[in-house]
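Trainee: Take a look at this one; I'll ask things after.
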Amino acid sequence: MTKASVCTIGDEILIGQIVDTNSSHISRALNSLGIRVGKMVSIADDAAQIKDCLEAELRENDIVVCTGGLGPTKDDITKETLARMSGAQGWVENQEQKEIIIRILSSRGLQILDINLKQALVPDSCQVIPNKLGTAPIMVFRFPAGRFGHPAVLYSLPGVPFEALGALPDVLEDIRTHFGLGAIVHSTMMTYGLAESALAKLIEPWESALPADMHLAYLPNPVTGVRLRLSVYDADDSAPQRISAQFGLLKPILGDYIYAMEDTSLEAVIGALLRGSGQTLSCAESCTGGMISHLLTTISGSSEYYLGSVTSYHPDVKAKVLGVDPKVIESQGIVSAAVAAAMARGVRALTGSTYSVATTGWADSYGDDREPAGTVWVGVDGPAGTRTARFNFRNDRKRNIERFAASALNELRKYIISAK
């Protein structure tokens with residue numbers, strides 16, 4: 001199987017000034033071609049580090065894709081380092097990239113400076129894929145087997161995500177032309193409601209019985225739950241059906257912990273359940289502070305079924321807007337099943353929605369003598385009556401809020417399915 005490494009160059013990534021999004025996009029694209037990405041590496045703006053790291057990756061991999069360090073300023077040293085590393089004898093001007101540079105700068109009304117045109121100069125040891133979206137060309141260095149023990153190719157892309165992703169189709173086409181590629185087949189099952197460790201324990205016998213060529217990955221996320229991914233490398237035409245059969249064996253084990261058989265989200269699944277049905281939804285949020293509403297409205301077309309929400313953070317708003325009886329708050333506690341249920345009924349009555357979901361909880365160190373910190377009560381109301389559920393998480397405030405919102409969405413999903 002063809003192996004690859006993805007490298008990012010730049011101090012701004014290592015100090016956390018920017019988030020590296022290039023690597024995930026590049027890795028996903030390489031996987032789609034049947035290339036297995038074994039490593040992602042971030043490298044400082046240091047010539048010795050760049051050389052040592054890239055040479056190490058080229059010894060281990062057939063393909064190395066790196067991004068960054070190709071700007072016009074003096075701190076961008078990647079091109080000069082690659083020239084020395086590849087044994088370049090001099091520099092050549094790529095006319096096509098020069099014309100692109102002139103066109104881009106002219107269209108922006110910018111002065112065309114020598115420092116900009118210099119970006120069209122490349123080492124004579126590389127081939128060029130013109131960068132149609134920016135000024136730094138994509139450089140391709142092909143190394144013979146004698147250099148690293150096997151033929152290897154280094155692709156150097158600009159670090160600007162818009163340009164790096166724009167260059168990917170041309171890079172992938174070059175890879176297709178020069179490499180014999182096997183297939184990689186991935187399939188995903190989305191679960192919610194079990195922690196990764198509990199999930200692993202529950203499905204341990206199933207996992208132990210997987211065929212030797214199938215690889216299982218657990219991919220936890222506080223908002224989407226635990227994604228289970230089955231992969232077959234160097235796959236033949238039977239791989240999709242074999243993976244589907246294995247997931248079929250898992251369904252009766254996990255039941256309604258499974259919410260999708262594709263890489264998606266709880267809010268997207270809820271949207272699919274409601275879209276086109278004429279049914280609607282509303283929210284009453286306290287401890288989640290509007291996060292449920294935010295997640296629901298990230299789905300295109302959510303205006304068809306989502307009516308709105310009330311962020312009733314203060315007890316007075318719960319009472320005056322949602323109609324929660326202050327005596328219930330006093331007797332049962334602000335974080336309680338009774339209050340969550342009353343909030344859900346109140347916002348459903350207020351908006352006229354088919355379904356409603358509500359949250360009330362303690363997101364951080366605050367709690368009371370009834371419920372500890374990290375507790376949330378979720379209320380769901382609809383044609384089948386009102387249901388409540390309690391959850392407790394031991395995370396920081398931000399992570400607890402994420403888990404509260406996701407748990408509420410999952411309870412809503414189960415309610416809608418049971419009502420259909």
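Nothing in this text is a laboratory measurement; each read-out follows from the coordinates by a stated rule. Just so we're clear, the structure is a prediction, and the values are computed from it rather than from any experiment. Every residue, glycine as well, gets a Cβ built from its backbone with ideal geometry; the counts of neighbours run over all protein chains shown.
Trainee: Among the helices (runs of 4 or more DSSP H) confined wholly to region 2-71, which include 2 or more residues that are of a type in the set (Gly, Ala, Ser) and closer than 25 Å to residue 118 by Cβ?
Mentor: Result: 47-60.
Yes or no, residue by residue, for (1) touching a Gly at 6+ places or on another chain (Cβ under 7 Å); (2) farther than 29 Å from residue 322 by Cβ; (3) not aromatic (Phe, Trp, Tyr):
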{"site": "213", "(1), (2), (3)": "no, yes, yes"}
{"site": "219", "(1), (2), (3)": "no, yes, yes"}
{"site": "246", "(1), (2), (3)": "no, yes, yes"}
{"site": "254", "(1), (2), (3)": "no, yes, yes"}
{"site": "259", "(1), (2), (3)": "no, no, no"}
{"site": "290", "(1), (2), (3)": "no, no, yes"}
{"site": "293", "(1), (2), (3)": "no, no, yes"}
{"site": "297", "(1), (2), (3)": "no, no, yes"}
{"site": "304", "(1), (2), (3)": "no, no, yes"}
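Trainee: Can you confirm whether residue 110 is among the aliphatic types (A, V, I, L, M) and surrounded by 12 or more Cβ atoms within 10 Å (Cβ to Cβ)?
Mentor: no
Trainee: For residues in region 316-367 being among the charged types (D, E, K, R) and in contact (Cβ under 8 Å) with a residue 12 or more places away in the chain, which is farthest from residue 304 (Cα to Cα)?
Mentor: Among residues in region 316-367 that are among the charged types (D, E, K, R) and in contact (Cβ under 8 Å) with a residue 12 or more places away in the chain, the one farthest from residue 304 (Cα to Cα) is 364.
Trainee: When you scan region 368-400, how many residues do you find that are surrounded by fewer than 15 Cβ atoms within 10 Å (Cβ to Cβ), under 22 Å from residue 331 (Cβ atoms) and in contact (Cβ under 8 Å) with a residue 12 or more places away in the chain?
Mentor: 4
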